[in-house]
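The values are calculated or read from the model by the stated rules, or taken from the named source; none is laboratory data. Model, not experiment: these values are computed from the prediction. Heads up, the Cβs are rebuilt from the backbone with ideal geometry, glycines too, and the neighbour counts pull from every protein chain shown. To get the accessible areas, we keep the full protein, side chains included, count just its heavy atoms, and leave off ligands, DNA and RNA. Shrake-Rupley method; radii C 1.70, N 1.55, O 1.52, S 1.80 Å.
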Amino acid sequence: MSASCIGRFAPSPSGELHFGSLIAALGSYLEARAQQGQWRVRIEDIDPPREVAGAARRILAQLEQHGLTWDGEVLWQSTRHEAYREALAWLSEQQRSYYCTCTRSRIQQIGGIYDGHCRNLHAGPENAALRLRSDHPVSEFQDKLRGTIKVDAALAQEDFIIHRRDGLFAYNLAVVVDDHFQGVTEVVRGADLIDPTARQIALYQAFGWPVPDYLHLPLAMGADGQKLSKQNHAAPLPSGDARPAIVQALHFLRQPVSEGWQDLPLSEILQQAIARWQVTALPAENALYSNAETQ
Ligand code: GLU
Ligand code: ZN
């Protein structure tokens, strides 16, 4: 196995896996395995209020049920606070961050995009968020499926939050510190995370770390026109035979599936999917998911 390519799946334990999260898990797994790479799993449990008891263990069991076996130990973000604190301290020593005491309602009043109000006010940590000084905004980046993604200028220039006022570490900070720590070279995830990508790249650049490749997969949409998510109560993946869901996910990603798959074991279906994986066949458009097919 070559260590040159490392992919990952990084679910938040806010509920069980559903068809939408299976797309991200399977897509990142196949992209890594097709390059003889490693595939890691990280549980993003940095937001206790949004966590559902037992969901993390359930997610890991669902990955096993679907034949998606990972390399190495699972990384739990709840064990990484020290690393996040060190990263924040380093940014602050480099004068790349500052405390901000602005309220959400003030930012709302000025149109929703932060204006850098506290940049030179030298506020202390009391009741404050930490923001990254966006001296080198990332205005575009490459996506392996979508090509050049242009970033809205106002968003690119916004000094974004890296440590929340409520004491929680920001997703963008934790994801970058951990992807770097785990040696991730390929970030494959849902298209709902295209927007934060530019901020994550800005953080890589601030730390002087190599930036991974990005591939944003199409989202599975519910009949309500919203992406399937734990928030809109997408149905958990069925227990038992995982092959219908894997095959449906492969169809969703427009990857070839053998006609007689019903006679093949799950491991064989996955091996074929690895051998036949083609990024160029992936659709960029989000598409409706109908759960009629898995039943
Ligand atoms: N934890 C994030 C989620 O479940 C995904 C993070 C990522 O893939 O960068 O939406
Ligand atoms: Zn402020």
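Against the condition touching a residue at least 40 places away in the same chain (Cβ under 8 Å), basic (Lys, Arg) and away from ligand 2 (no atom under 16 Å from the Cβ), how does ARG85 come out, does it pass? The answer is no for ARG85. Only a single item in (1) part of a loop (DSSP other than H, G, I, E, B); (2) open to solvent by less than 30 Å² (accessible area, probe 1.4 Å) is not met by ALA202, and it is number (1). Which residues, taken from segment 17-53, are within 12 Å of ligand 1 (Cβ to nearest atom) and either part of a loop (DSSP other than H, G, I, E, B) or aromatic (Phe, Trp, Tyr) (or both)? Within segment 17-53, LEU17, GLU44, ASP45, ILE46, ASP47, GLU51 qualify.
When GLN271, GLN248 are checked against the criterion of being in contact with a helix residue (DSSP H, G or I) (Cβ under 7 Å, 6 or more places away or on another chain) and assigned to a helix (DSSP H, G or I), a single residue qualifies: GLN248. Apart from one condition, ALA234 fits all of (1) surrounded by fewer than 21 Cβ atoms within 10 Å (Cβ to Cβ); (2) outside any helix (DSSP H, G or I); the exception is (1).
Okay, residues lined up against (1) crowded, with 17+ Cβ neighbours inside 10 Å; (2) closer than 29 Å to VAL188 by Cβ:
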| residue | (1), (2) |
| --- | --- |
| SER92 | no, no |
| GLN95 | no, no |
| CYS100 | yes, no |
| SER105 | no, no |
| HIS117 | no, no |
| ASN120 | no, no |
| ARG131 | yes, yes |
| VAL138 | yes, yes |
| GLU158 | yes, yes |
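Of the residues making up segment 19-42, one or more are open to solvent by 30 Å² or more (accessible area, probe 1.4 Å) and basic (Lys, Arg).
Conditions tested, residue by residue: (1) surrounded by fewer than 17 Cβ atoms within 10 Å (Cβ to Cβ); (2) farther than 22 Å from LEU75 by Cα; (3) among the charged types (D, E, K, R); (4) modelled with pLDDT of 95 or more.
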site: ILE161; (1), (2), (3), (4): no, yes, no, yes
site: ASP179; (1), (2), (3), (4): no, no, yes, yes
site: PRO218; (1), (2), (3), (4): no, yes, no, yes
site: ASP224; (1), (2), (3), (4): yes, yes, yes, no
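Applying the set (1) surrounded by 12 or more Cβ atoms within 10 Å (Cβ to Cβ); (2) modelled with pLDDT of 95 or more; (3) within 16 Å of ligand 2 (Cβ to nearest atom) to GLN109 leaves exactly one unmet item: (1). Would you pick out the residues in segment 68-90 that are open to solvent by 20 Å² or more (accessible area, probe 1.4 Å) and within 16 Å of ligand 1 (Cβ to nearest atom)? Correct list: TRP70, VAL74, LEU75, TRP76, SER78, THR79, ARG80. Within segment 185-206, residues that are touching a residue at least 60 places away in the same chain (Cβ under 8 Å) reach partners that are open to solvent by 30 Å² or more (accessible area, probe 1.4 Å) and part of a helix (DSSP H, G or I) with beta carbons closer than 8 Å, at six or more positions or on different chains, in the pairs ALA198/LEU155. Just one of (1) more than 20 Å from the chain's Cα centre (by Cα); (2) open to solvent by 30 Å² or more (accessible area, probe 1.4 Å); (3) under 17 Å from GLY190 (Cα atoms) fails for SER239. It is (3).
One residue stands out among those in segment 135-183 that are among the β-branched types (Val, Ile, Thr) and within 12 Å of the chain's Cα centre (by Cα): the one that is farthest from ligand 1 (Cβ to nearest atom), which is VAL176.
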